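The structure under discussion appears below in the form of structure tokens.
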Amino acid sequence: MPRWMLVVAVFLATALAVSAAPDPAAAEPASRLTVDLKKGRHRISPLIYGVNFAEPRFARAVDLSVNRWGGNATETYNWQVRGSNRGQDWYFTNFADCWSAAFDYCKRGQDYSAADAQVQQDRSTGTATLLTLPLMGWVANGVSYSGDHPCSYPAAANPQDDHDPYHASCGNGRRNGQWLTADPTRAGAAVGPAFSAEWIRSLTQRYGDARHGGVSIYSLGNEPALWDDTHHDFHPQPTTYDELWTKSRDLAQAVKDTDPGAATLGPAEWGWPNYFCSAADHVQQGCSASSPDRAAHGGTELAAWYLRQFAAQEQQTGRRLLDYFDLHYYPQGSYSPATEVTRSLYDTGYTDPSWIGARIGLIPRMRAWVRDNYPGTRLGISEYNLSLGVTADRRLHNVIQADTLGIFGREGIDLATFWPDRGSPVPAAAFRMFRNYDGKHHGFGDRGVSARSTDQRRTSVFAARVGRHGPLTIMVVNKASTSTRTAIRLRHARTGPKAKGFRYTGGGIHRLGAVRVRQHRIALTLPANSITLLRVPLRS
């Protein structure tokens with residue numbers, strides 16, 4: 001969970017056909033767009049089109065590739081009692097999986113397992129499951145079905161700054177803003193890798209192993225640098241370099257020993273300062289090579305050091321324990337226009353306008369960490385939501401998400417799962433544009449090619465072939481708040497005279513009228529804040 005939230009000449013000519021009726025409101029020229037089938041060839045991983053806790057109807061509609069069981073509560077999940085401790089998210093209280101309106105707050109369905117339900121759903125929709133395993137070392141020790149929930153900070157004899165409005169006997173663990181000392185055994189049970197290994201064995205017995213339809217990816221915990229805050233009752237001391245490594249190594253070994261075909265993912269870290277320093281470095285005061293825990297590890301950035309340990313372990317044992325290097329990423333400031341928020345994913349020259357105030361270049365930075373420290377490790381972003389706290393406009397949510405998915409494919413991310421929030425839910429139209437734009441389960445291609453825009457801030461373009469011999473798909477995202485005219489120049493492409501077009505302008509996706517290809521160009525009028533998908537047949 002997040003912690004806090006072109007001006008160019010128009011080169012249209014009479015030889016260019018118009019894909020739809022020209023918009024008289026289109027007053028501004030767009031950037032020039034070029035697609036070259038012989039340049040920039042790259043594979044696009046299907047696992048970038050993932051979500052956390054996806055609804056089954058949505059999963060079927062978009063052929064969801066991966067569904068993550070993650071977040072703060074999964075760090076303390078006890079599969080044996082079917083419940084978790086919610087930590088700071090809700091008064092450090094243990095709740096049963098069935099404690100929801102859907103199950104009438106456990107008045108029915110007390111044997112319900114949310115984890116099992118997600119695995120079963122994923123199997124029914126052909127979706128890979130990414131399951132978070134508890135890494136911290138503590139899980140909920142029990143649950144109540146009557147409403148008298150166990151919690152770490154009982155309030156009856158220990159009044160606190162805030163109390164559960166529905167269960168006043170539990171507090172927020174603070175008095176006058178200062179943490180109280182908790183007995184971790186009151187609501188928790190200490191566990192180690194063997195606990196997760198037993199869970200994995202139980203899962204493989206019921207659903208098969210990773211190679212035969214079972215859970216295929218396991219996350220090594222969730223956001224460890226925040227444990228002393230999110231799970232202060234169980235882990236009051238800040239996580240160090242060494243603790244993160246030893247626990248990650250031991251849990252990864254348990255995964256590989258129990259289900260060798262399963263992939264592992266970590267460290268699933270929350271955000272910017274803790275990519276570089278541990279929680280023990282007290283990043284509120286800043287992070288540098290001289291921060292105490294980092295300095296004790298040669299001044300090496302935490303992400304790089306983490307990868308080096310796994311690399312050294314593989315060199316010693318001959319076995320890879322970490323398959324995905326994974327980070328979480330959320331906006332940390334205001335962006336004007338809102339669509340600028342995606343630039344920090346890829347633009348190494350862009351200074352993020354937030355408290356970070358630095359050139360993030362997240363994906364190039366992740367690639368460099370892997371290249372320099374543990375080559376061959378895949379890249380994951382298992383929590384992100386680029387609209388969260390940036391805009392309330394649901395149309396812009398979809399525009400931002402379409403741009404994000406295109407960037408993930410172009411920049412080489414291997415796995416990504418969107419985190420939905422009440423204020424920024426799953427932007428379903430953006431996912432449908434990439435996965436099922438026509439309602440017949442046709443999607444964006446998996447073999448990327450070069451696609452360039454002279455001003456990606458206003459109009460971005462992504463292109464890929466569907467398989468080795470399939471059509472060319474082109475996704476154009478108009479991030480401008482005005483309608484614009486442009487044309488896509490196609491290079492090294494033998495096309496048919498017509499293409500199919502689909503567009504999102506808010507609401508549903510509609511099919512365009514005749515889209516003609518003339519002289520290796522496709523003319524377009526792009527509505528403001530829109531997403532356009534073109535399916536262009538290619539001749540051999």
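Per-structure values
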| read-out | value |
| --- | --- |
| Residue check, residue 421 of a type in the set (D, E, K, R), surrounded by fewer than 21 Cβ atoms within 10 Å (Cβ to Cβ) and within 23 Å of residue 69 (Cα to Cα) | yes |
| Qualifying residues in the stretch 427-466 (those that are surrounded by 22 or more Cβ atoms within 10 Å (Cβ to Cβ) and β-branched (Val, Ile, Thr)) - the one nearest to residue 399 (Cα to Cα) | 459 |
| Hits in the stretch 294-312 (condition: outside any helix (DSSP H, G or I) and closer than 20 Å to residue 363 by Cβ) | 301 |
| Residue match in the stretch 6-23 (condition: at pLDDT 95 or above and among the charged types (D, E, K, R)) | no |
| Within the stretch 204-218, considering residues that are in contact with a Gly (Cβ under 6 Å, 6 or more places away or on another chain) and not charged (D, E, K, R), the one farthest from residue 263 (Cα to Cα) | 207 |
| Set 130, 135: member being in a strand (DSSP E or B), at negative phi and either touching a Lys or Arg at 6+ places or on another chain (Cβ under 9 Å) or of a type in the set (Val, Ile, Thr) (or both) | 130 |
| Pick from the stretch 272-293, criterion part of a loop (DSSP other than H, G, I, E, B) and of a type in the set (S, T, N, Q), ranking: surrounded by the fewest Cβ atoms within 10 Å (Cβ to Cβ) | 290 |
| Test result for residue 368, over 27 Å from residue 130 (Cα atoms) and modelled with pLDDT of 95 or more | no |
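Every residue, every condition in (1) touching a helix residue (DSSP H, G or I) at 6+ places or on another chain (Cβ under 9 Å); (2) buried (at least 22 other Cβ atoms within 10 Å of the Cβ); (3) of a type in the set (Gly, Ala, Ser), yes or no:
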{"position": "185", "(1), (2), (3)": "no, no, no"}
{"position": "197", "(1), (2), (3)": "yes, no, yes"}
{"position": "201", "(1), (2), (3)": "yes, no, no"}
{"position": "218", "(1), (2), (3)": "yes, yes, no"}
{"position": "223", "(1), (2), (3)": "yes, yes, no"}
{"position": "239", "(1), (2), (3)": "yes, yes, no"}
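The values are calculated or read from the model by the stated rules, or taken from the named source; none is laboratory data. Since this is a predicted model, take the numbers as computed values, not measurements. Counting neighbours? That spans all protein chains shown, and the Cβs are built from the backbone with ideal geometry, glycine included.
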